[in-house]
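To start, I am sharing the structure in question, which I have written as structure tokens.
Just so it is clear, none of the values below were taken in a lab; they were calculated from the coordinates. Remember, predicted model here, so these are calculated numbers, not experimental data. As a convention, Cβ positions derive from the backbone with ideal geometry for all residues, glycine included, and neighbour counts pool all protein chains shown.
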Amino acid sequence: MNKIFFVEDDLSFGSVMKSYLELHDYQVTWVDDGKYAVDRFKSGSFDMAILDVMLPHVDGFTIGKEIKSILPSIPIIYLTAKNLKEDILKGYGIGADDYVTKPFDSEVLLCKLKAIMSRMHADEGTNRSEVYHLGKYKFNYRFRTIDGGESKVTLSPKEAGLLRMLCQRKNELLPREEALKKLWGDDDYFTARSMDVYVTKLRKFLKDDPTIEIKNIHGSGFILEEKL
């Protein structure tokens, strides 16, 4: 049974959502105050986090950033009553897998959860470990790690998925639309900006080797270039 870490301060909504998710075979740990969230997260084991943004004492973005530092691979869905572009981009910047604006259809949230979990389980069930060599780096897709020799970083599922697509097209164009539809399921403005954030992160992880560069081809996509 998949375990969800759920942070929501609205007691009525939180109770209904917890019951709804449990009805669909998820195990839910619900926290109703942001100041207790990180400690509760540390005390358990979770497959997914659903975080409200507007919380008392500690907001959802801060909580998301902290739990990502503890478990970088955990997928996060943010819930919010705000529909501001800046907030949506901030959530994606922290590493959110999705962003749902209240009020929303519970079945839509359920579909998003199932899609994310399905992708994670497919990755975990891979029989072989896909390893790509990029200059001084070794990227292990199955374990979502980039090993630079002196240091190793763990990627989020979407970061790993995007880098894998770039590696599979190394020195060739990866069309923006193709990556967005495969990894985000849509190619609207917000998902496109989210992908730009992820590309920036990948560049940071690979910055110590000048022979590796992720180039932006304006209006078309990206190229992972390895200079010989």
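Can you give me the convex hull volume of the Cα atoms of segment 1-135, divided per residue and expressed in Å³?
Enclosed volume per residue, from the Cα hull, is 127 Å³.
What is the set of long-range amide H partners of residue 2 at a cut-off below 5 Å, with H atoms built 1.01 Å from backbone N?
Here the answer is 27, since their amide H atoms fall under 5 Å of that of residue 2.
To the nearest 10 degrees, how steep is helix 157-168 against the longest Cα principal axis of the chain, on a 0 to 90 scale?
Helix 157-168 sits at roughly 20 degrees to that axis.
Given R₀ = 30 Å, what would the calculated FRET efficiency be for residue 171 paired with residue 69, taking r from the Cβ atoms and rounding to 0.05?
Efficiency, from the Cβ-Cβ distance: 0.35.
Going by a ≥ b ≥ c, the root eigenvalues of the Cα gyration tensor, does segment 131-226 fall in the rounded group (a/c under 1.5), the prolate group (a/b larger than b/c) or the oblate group?
It comes out prolate by the Cα gyration axes.
Okay, moving on. Compute the separation of the alpha-carbon centres of segment 173-228 and segment 46-118 and state it in Å as a whole number.
Taking the Cα centre of each part, segment 173-228 and segment 46-118 sit 22 Å apart.
So, one more: With angles folded into 0 to 90 degrees, how steeply does helix 11-23 sit against the dominant principal axis of the chain? Use alpha carbons for both and round to 10.
Orientation of helix 11-23: about 70 degrees from the principal axis.
Then there is this: With a point put 7 Å past each Cα toward its Cβ, work out how far residue 11 is from residue 118 in nm, to one decimal.
3.8
Separate question: Arranged from highest to lowest average of other beta-carbon atoms within 10 Å per residue, in what order do the peptides 196-209, 105-118 appear?
My ranking of the peptides, most packed first, is 196-209, 105-118.
Tell me what the chain gives for mean residue ellipticity at 222 nm when only DSSP H runs of n ≥ 4 count, each as -39,500 (n - 2.57), the sum divided by the residue total, rounded to 500 deg cm²/dmol.
That calculation yields -13500 deg cm²/dmol at 222 nm.
What does the convex hull of the Cα atoms come to per residue for the chain, in Å³?
Hull volume normalised by residue count: 128 Å³.
For residue 209, which sequence-distant residues (separation of 5 or more, or a different chain) have an amide H within less than 5 Å of its own amide H, given hydrogens modelled in the peptide plane?
So residue 209 has HN proximity to no qualifying residue.
For the Cα atoms of the chain, what angle does the longest principal axis make with the long axis of helix 85-94, in degrees from 0 to 90, nearest 10?
Approximately 70 degrees, to the nearest 10.
From the cross-link list 35/138; 138/158; 35/181; 114/158; 85/227; 114/181, which pairs have alpha carbons spaced over 27 Å apart?
Pairs exceeding the cut-off: 35/138; 35/181; 85/227.
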